[in-house]
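Since the structure comes first, as structure tokens, the remarks are kept for the end.
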Amino acid sequence: MQSIAIVGLGYVGLPLSLQFARSGARVIGLDIDPEKVELCNKGQSYIKHIESASIAELRKKSQFEASTDFSRLRETSAVIICVPTPLNKNREPDLSFVLQTGRMIAPHLQRGMLVVLESTTYPGTTDTDLREVLEADSGLKAGVDFHLAFSPEREDPGNPHSVVATIPKVVGGFTPACLEKAKALYGIAIKTLVPVSSCRAAEATKLLENIFRSVNIALVNELKTVYSAMDIDIWEVIEAAKTKPFGFMPFYPGPGLGGHCIPIDPFYLTWKAREYGKNTRFIELAGEVNTAMPDYVVNRVAEALNEHGKPVKGSRVLILGLAYKANVDDMRESPTFILLDSLKKRGAEVAYYDPFIPVIRPTREHAHWTGMESVKWNQQTVSGFDAVLIATAHKDVNYQELADWHGCIIDTRNAMAALRTKPGTIWKA
Ligand SMILES: NC(=O)c1ccc[n+]([C@@H]2O[C@H](COP(=O)([O-])OP(=O)(O)OC[C@H]3O[C@@H](n4cnc5c(N)ncnc54)[C@H](O)[C@@H]3O)[C@@H](O)[C@H]2O)c1
């Protein structure tokens, strides 16, 4: 049985650990957060879409355990790194988590071991930045004494049909031998591997995938504002366009980008491209259009309130959905925070409802909302607001009840489209 370590028991590392464990590897999950480690060892999940039962079962079979002790790496032949790659406050890549992890691994690195980075990042991170810290602190050489590779994660949180084992996985090695090692490792748990020529090609592949989403979402967000001015419904247009059996793929507008990937990853490339004297105008433009969306939505809230004879100032606005996407409990980079800030700045009294986030946990960027609690879902509470803004359309919300209870609903997700609603009550935004 192969023993492997996975560093970072987050939205990527935890499901990956469970998949490897289920496939027969012995997995040690390493994290610097003792709380997550303790929960995992008790067989408890802290992520809504990962069942505690599957962790508990693998704990019972001793296929999986969690630890904060990096010396446990000595029991393993491979380590996969799944730590955050955010932007700093100047919107530049923050590789500190990756490099710190590299420094923590290096003293325990042994000859023949494989190190794989999965965190999304710019081309060159694995074979330069990470390689340098691993080599400096271990005295070993990548491609000679230990193997090094990059393999991007393709996680689709909240999608029940997205299963780690069946999502094809791109793998690039520092040398051809590194690639072979990485293929052998992932072959344990993943059905289809897509080898590419280098770590850089694998890093660039992940960025292409996420930039593709960012640019296409920006396109439909822009068309939404144009079509809305022409009194054309963008959602109706997308439904019609997607019947084309070739050359079209639907993307949907929304209140702005959210999550740990799409609002962040494209700017890793923008930053790196400057080193090569290159501009990334598509990426910048998409970022500009997408970050303008919360303002557009707040203006629609103002128009809707105005129609009801109310100013934004002093009105009570309820935002439905704090998570950045439907059916997950992940609120990282959620545009709802911007909507809360923006409406509050205009003098509105704001609240949120999210069945999966009963209270706002501390965040780095939105610390001032920490501790705010979701309102309760009942007619008296909901109808007590002057407007309801749908930012995230969780399946678990009863939108027909909302339609029955409220006469001023601003809908950024087309959640009310198929329901019985009274004329003049729904504002698409
Ligand atoms: N969440 C997604 O859907 C998704 C999809 C594809 C790619 N990614 C990429 O995967 C990477 C990880 O994302 P995530 O969503 O799993 O992040 P996350 O914040 O959910 O998890 C990261 C984990 O790493 C731990 N950690 C931080 N520094 C550490 C260190 N030095 N040593 C050990 N553990 C450490 C944190 O405590 C946390 O548990 C990012 O680069 C992200 O862009 C995420």
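For a paramagnetic label modelled on Lys61 (point 7 Å from Cα along Cα→Cβ), amide N atoms under 19 Å away belong, within segment 140-173, to 163-167. Just checking the listed ones, Thr336, Thr392, Thr175: in the Gaussian network model of the chain with Cα springs under 10 Å, the one fluctuating most is Thr175. Potential lengthening of the chain between Ala165 and Asn299 amounts to 43.9 nm, from the contour at 0.36 nm per residue minus the alpha-carbon distance. Can you give the angle from 0 to 90° between the axis of helix 13-22 and the longest principal axis of the chain, with both taken from C-alpha atoms, to the nearest 10? The two axes meet at around 60 degrees. Close amide H partners of Tyr352, meaning residues 5 or more places away or on another chain with modelled amide H under 5 Å apart, are Ile319, Val375.
Run the quick spin-label model on Tyr252 and Glu38: label points 7 Å from Cα toward the beta carbon, then report their separation in nm to one decimal. Each label point is offset 7 Å from its Cα along the Cβ direction, giving 3.9 nm.
Placing +1 on the Cβ of every Lys and Arg and -1 on the Cβ of every Asp and Glu, with nothing else charged, gives the chain a dipole about its Cα centre of roughly 440 debye.
Could you please tell me the mean projected area of the C-alpha convex hull for the chain, averaged over all directions and given in square nanometres to one decimal?
Details: hull surface 86.8 nm².
Spelled out: convex hull of the Cα atoms, projected over all directions, averaged, 21.7 nm².
The GluC sites (Glu not before Pro) found in segment 330-402 that occupy coil by DSSP, while having at most 13 further C-beta atoms within 10 Å, are Glu365. Simple rule: put +1 on each Lys or Arg Cβ and -1 on each Asp or Glu Cβ in segment 1-67, find the dipole, and look at Ile50, Tyr11, Gln63; the Cα lying farthest toward the positive end is Gln63.
Between the Cα long axis of helix 265-275 and the first principal axis of the chain there is an angle of about 60°, rounded to the nearest 10.
Be a star and scan segment 5-48 for residues whose amide nitrogen sits under 19 Å from the point 7 Å along the Cα-to-Cβ vector of Gln110. It comes to 5-7, 25-30, nothing else. Here the spin labels are modelled as points 7 Å beyond Cα on the Cα-Cβ line, and at Val359 and Asn88 they lie 3.3 nm apart. Solvent-accessible area per residue in the chain equals 45 Å², computed with a 1.4 angstrom probe and all protein chains kept.
As a check on your grasp of the helix formula, calculate [θ] at 222 nm for the chain: sum -39500 (n - 2.57) over DSSP H runs of n ≥ 4, divide by the residue count, round to the nearest 500.
Result for the chain, helices only: -11000 deg cm²/dmol.
In this rough spin-label picture, where each label sits 7 Å from Cα along the Cβ direction, the Leu223-Asn279 distance is 2.6 nm.
Set the Förster distance to 56 Å, then compute FRET efficiency between Asn398 and Ala136 from the Cβ-Cβ distance, nearest 0.05.
On the way: r = 57 Å, r/R0 = 1.02.
E(calc), rounded to 0.05, equals 0.50.
Cross-link reach is defined here as a Cα-Cα straight distance under 20 Å, omitting same-chain residues fewer than 8 places apart; for Lys310 the lysines meeting it are Lys344, Lys345, Lys422, Lys428. Axis of helix 176-187 versus longest Cα principal axis of the chain: the two differ by about 60°, to the nearest ten degrees.
Extension gain for the segment Ala177 to Glu373, taken as residue separation times 0.36 nm less the Cα-Cα distance, is 65.3 nm to one decimal. Normalised by 2.2 N^0.38 Å, with N the number of residues, the alpha-carbon radius of gyration of segment 1-80 equals 0.94.
The values are calculated or read from the model by the stated rules, or taken from the named source; none is laboratory data. This one's a predicted model, so the numbers in the text were calculated from it and none came from an experiment. Positions of Cβ are generated from backbone atoms using ideal geometry, with glycine treated the same way; all protein chains shown enter the neighbour counts. For accessibility, only protein heavy atoms count, side chains too; no ligands or nucleic acids. Shrake-Rupley method; radii C 1.70, N 1.55, O 1.52, S 1.80 Å.
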